[in-house]
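Enquirer: Please read through the structure below; I'll follow up with questions.
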Amino acid sequence: MLKRTLRTTLRPISSCVRLIFNLLAFDWLFAHRLEKSQLRATVDRPRSSFRIMSNRMTITGWAINDSNKEPAPVRTKLLGQTFTATRSRQKKSSLPTDMHDVDERNLRFSISLKIPLGVRKLSVEAQDSHQQWIVIRNFFILVIPKVRFRGGSWARRLSYGKFVKQKNKALNNVIFSEKQRHAALMIEKPTFSIIIVADQSQREILKTLASIQEQLYQPHEVFLSGDDRSPIQGHTLEATKLRWLQLNNLKEITGSHCIFIEAGDRLHAHALYEFASAMNAEPGRDIIYADEDTIDERGLFSNPFFKPDWSPDYLEVFNYMEFPCCYRTKLVIPGYQNHCLYDLALRSTEQSERVYHIPKVLGHRHNYSQKTADQTKKNVSGSKALQARLSRTGRKGVVSSHKTHRGCFFISPQLTREPLLSIVIPTAGKTRKVQGKDIDLLPNLVSQIFELSSYRNKEVIVVDSGSLSNEQTQTLQNYHCKIVSDREQQTSIARKINIGARESHGEYVLILNDDIEVLTRDWLERMLWHFEKPNVGVVGCRLVYPEGTIQHVGVVFVAGHPEHVRRRKAGDEGGYFFSSCAPRNYMAVTGACMMTPRNVFIDAGGYDEEFPFDYNDVSYCLTLYKKGLRTVCDNGIALMHLESASRASETANLGSNRFEELWAAEVVTDPFYNNQFLNLSKPAFIFEKKK
């Protein structure tokens, strides 16, 4: 009621303020100056010259020089700084009827700005044929903190700790009783054997035991394993339930399923119930894991890890499903012979892919378990386990701890064979100014493919529109590239890629933008290496902007729409549990650099040409995902994408309506990005819940 009253009161005031500022912006005067300078330009977004907003703003529109029908350069000035616009594919308004013969994608511009708090004036300018800058629009911006008024109180983001407190308060006796009744009625009643790795003090052991005693679904037996076998005092578990276990005699385990816990870590009170419930929902599940967080000495929760669904390639980075994780005992007895949980995870998933993820926080790691002095020992045993995995699966490579990001592993791959790789480059033969330097994109890329890349067994197919210069053609001929021209009147990137794939002879096809630069010498070997694993359909990699920030480390789906995750974060960051520095599974990757088996590409019909510019890459990945083929984004590989970070997101473009019609039902949720607890606006694996 209060909110409605405020809206009614403020609406006329806001309208008057907007009218005043629109007059002060002098848009009528700027329109006259534009006409005299033979420039035509429109700002689609924002429409009003006065804006109240938080700190980020995106300006889009189009600009053309009427004298030569060429795109006019656009910039914006804010607080004495100048920001250059980049070309955008976003279509917010139609061009005038006399400009339909002009390629409108080259005319459209986009500028994204981060604006400091306060009242700011911002000017958007275009450059005429005499190199003079003419003002298109002025904006007056009031930047305020990002809060919302809701129901009489300011709505801010909850911290994770406060969110957990609220959630735990909601778990009342009624819910507890309902779950107890459900547990009693379960058809399958699994018996859980819990093994506590008791290398810590008795105080830490008691914390773990206390969490076990609180379980809604009680365990069958609890084992302690460790060198110090001093009597444990201060718990209420029956003597028959708590025993010491010899790790070289795992046959003592009598439960149907096993859970390993490091002393000091704790289970959520409903953890065993949730595991049992998941088994009843689908009895064939052999391995079940859940999300986790961290608890400190004061009982405060932080650092939640909202894990992806089963991700075989991510498991070869670190043991992401280690805790809490429930294994069928028949997998534990042969898999835990080396007393290494990572080895158990790797061996067990080789025996069974009936792996299930419960998207709930059911484990709480103590700070001690994340800062243990035994981390070096754990890294050594983990490295050996992963090296053994490569041998068992017929692959070659050298495993080491990541040099920069502690806690994950890095594999230097060694290919067992070197298949022919076809690199397909769709191009318009353009030159782009990057950090003040004009770069002829196509020759720049092709020379780096041959001079800066170590993989030799490759061919390059360039698909142009018949517009390459003599110099560009000569460069391609020098490197023995195949040139194919797409002569259709309507431009289509998807069609160019399909033409190139059909003309290729390689076992694998690499689809590559022409505005790429090589940063990792063995990038092609490392991408090909992933196809030595079964059921891999697509491989992508990390792309960074020239200024060093992230452009792409994978595509996630929020509210059914594809978005680049962690865009504009530091290019050398580790990311969310190594999401930006190592291989990770996603539903899709960008087609700016995408490798796939040629026969798979042809069998799938190639890129959907109903998406001539956008969404064709994402649609292809989803097609393979439905067929049971995985997409891997190896973010240990880095390439530079020569476009500005101010450019609008590639995935928010022209094919949106068709994409929703075709895929909306398939991407309601993203198995690799938790839409319930992670941020949806500019997704970055950041916990986000509103009060």
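Each row is one residue, and each column tells you yes or no for (1) under 25 Å from the mean Cα position of the chain (by Cα); (2) at pLDDT 90 or above; (3) over 24 Å from G226 (Cα atoms).
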position: L341; (1), (2), (3): no, yes, no
position: R347; (1), (2), (3): no, yes, no
position: S352; (1), (2), (3): no, yes, yes
position: P359; (1), (2), (3): yes, yes, yes
position: Q370; (1), (2), (3): yes, no, no
position: Q375; (1), (2), (3): no, no, no
position: N379; (1), (2), (3): no, no, no
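Enquirer: Determine whether the range 417-439 contains at least one residue that is exposed (fewer than 15 other Cβ atoms within 10 Å of the Cβ), within 30 Å of the chain's Cα centre (by Cα) and among the aliphatic types (A, V, I, L, M).
Expert: Taking every residue of the range 417-439 in turn, at least one turns out to be exposed (fewer than 15 other Cβ atoms within 10 Å of the Cβ), within 30 Å of the chain's Cα centre (by Cα) and among the aliphatic types (A, V, I, L, M).
Enquirer: Moving on. Does the range 572-599 hold any residues that are under 17 Å from G636 (Cβ atoms) and among the small types (G, A, S), and which are they?
Expert: Hits for the range 572-599 are G574, G575, S579, S580, A582.
Enquirer: Taking only the range 374-396 into account, find how many residues are surrounded by 13 or more Cβ atoms within 10 Å (Cβ to Cβ) and on the phi > 0 side of the Ramachandran plot.
Expert: Result for the range 374-396: 0.
Enquirer: Does any residue of the range 507-516 turn out to be in contact with a helix residue (DSSP H, G or I) (Cβ under 9 Å, 6 or more places away or on another chain), surrounded by fewer than 18 Cβ atoms within 10 Å (Cβ to Cβ) and of a type outside the set (G, A, S)?
Expert: Taking the range 507-516 first, the residues in contact with a helix residue (DSSP H, G or I) (Cβ under 9 Å, 6 or more places away or on another chain) are 507-516.
From what's left, surrounded by fewer than 18 Cβ atoms within 10 Å (Cβ to Cβ): 507.
Filter once more, keeping what is of a type outside the set (G, A, S): 507.
So far as the range 507-516 goes, yes, one or more of its residues are in contact with a helix residue (DSSP H, G or I) (Cβ under 9 Å, 6 or more places away or on another chain), surrounded by fewer than 18 Cβ atoms within 10 Å (Cβ to Cβ) and of a type outside the set (G, A, S).
Enquirer: Right, here's the next one. So which residues in the range 86-112 are modelled with pLDDT under 80 and closer than 17 Å to R56 by Cβ?
Expert: T86, S88, Q90, S112
Enquirer: Go through the range 267-322 and count every residue that is of a type in the set (S, T, N, Q) and surrounded by 20 or more Cβ atoms within 10 Å (Cβ to Cβ).
Expert: Matching residues across the range 267-322 total 2.
Enquirer: Filter the range 476-496 for residues that are among the hydroxyl-bearing types (S, T, Y) and either within 24 Å of E418 (Cα to Cα) or more than 36 Å from the chain's Cα centre (by Cα) (or both) and give the result.
Expert: If the condition is that a residue be among the hydroxyl-bearing types (S, T, Y) and either within 24 Å of E418 (Cα to Cα) or more than 36 Å from the chain's Cα centre (by Cα) (or both), then Y479 is the only one that fits.
Enquirer: While we're looking at this one, here's another question. Which of the residues spanning the range 530-549 are surrounded by fewer than 21 Cβ atoms within 10 Å (Cβ to Cβ), touching a Leu at 6+ places or on another chain (Cβ under 8 Å), on the phi < 0 side of the Ramachandran plot and of a type outside the set (D, E)?
Expert: P546
Enquirer: So H480 clears everything in (1) over 30 Å from N679 (Cβ atoms); (2) modelled with pLDDT of 95 or more; (3) surrounded by 17 or more Cβ atoms within 10 Å (Cβ to Cβ) except one condition, right? Which one?
Expert: Going through the list (1) over 30 Å from N679 (Cβ atoms); (2) modelled with pLDDT of 95 or more; (3) surrounded by 17 or more Cβ atoms within 10 Å (Cβ to Cβ), H480 breaks only (3).
Enquirer: Could you please tell me which pairs satisfy a Cβ distance under 7 Å, a separation of 6+ or placement on different chains, a first residue in the range 168-179 that is at negative phi, and a second residue that is assigned to a helix (DSSP H, G or I)?
Expert: K179/Y273
Enquirer: How about the range 496-523: which of its residues are within 21 Å of L543 (Cα to Cα) and of a type in the set (K, R)?
Expert: Listed by number, the list holds a single entry, R521.
Enquirer: Also, quick follow-up: Of the conditions (1) at pLDDT below 85; (2) of a type in the set (A, V, I, L, M, F, W, C); (3) buried (at least 17 other Cβ atoms within 10 Å of the Cβ), F149 fails just one. Which one is it?
Expert: The single condition F149 does not satisfy is (3).
Enquirer: May I ask you to say which residue of H561, H552 is crowded, with 24+ Cβ neighbours inside 10 Å and touching a residue at least 12 places away in the same chain (Cβ under 8 Å)?
Expert: Being crowded, with 24+ Cβ neighbours inside 10 Å and touching a residue at least 12 places away in the same chain (Cβ under 8 Å) holds for just one of H561, H552, which is H552.
Enquirer: Suppose the filter is more than 28 Å from the chain's Cα centre (by Cα) and assigned to a strand (DSSP E or B); does R298 pass it?
Expert: Spelling it out, it is not the case that R298 is more than 28 Å from the chain's Cα centre (by Cα) and assigned to a strand (DSSP E or B).
Enquirer: Quick one: in the range 564-605, which of the residues that are surrounded by 22 or more Cβ atoms within 10 Å (Cβ to Cβ) and among the charged types (D, E, K, R) is farthest from L510 (Cα to Cα)?
Expert: R566
Enquirer: Filter the range 46-85 down to the residues that are modelled with pLDDT of 80 or more, touching a Lys or Arg at 6+ places or on another chain (Cβ under 7 Å), surrounded by fewer than 21 Cβ atoms within 10 Å (Cβ to Cβ) and in a strand (DSSP E or B) and list them by number.
Expert: If the condition is that a residue be modelled with pLDDT of 80 or more, touching a Lys or Arg at 6+ places or on another chain (Cβ under 7 Å), surrounded by fewer than 21 Cβ atoms within 10 Å (Cβ to Cβ) and in a strand (DSSP E or B), then T58, L78, T82, F83, T84 are the ones that fit.
Enquirer: A further question on this structure: Whether any residue in the range 115-134 is over 30 Å from S681 (Cβ atoms), modelled with pLDDT of 85 or more, of a type in the set (V, I, T) and in a strand (DSSP E or B) is what I want to check.
Expert: Checked the range 115-134: at least one residue is over 30 Å from S681 (Cβ atoms), modelled with pLDDT of 85 or more, of a type in the set (V, I, T) and in a strand (DSSP E or B).
The values are calculated or read from the model by the stated rules, or taken from the named source; none is laboratory data. All figures in this text were calculated on a predicted structure; none of them were measured in a lab. Positions of Cβ are backbone-derived with ideal geometry, glycine not excepted, and every protein chain shown enters the neighbour counts.
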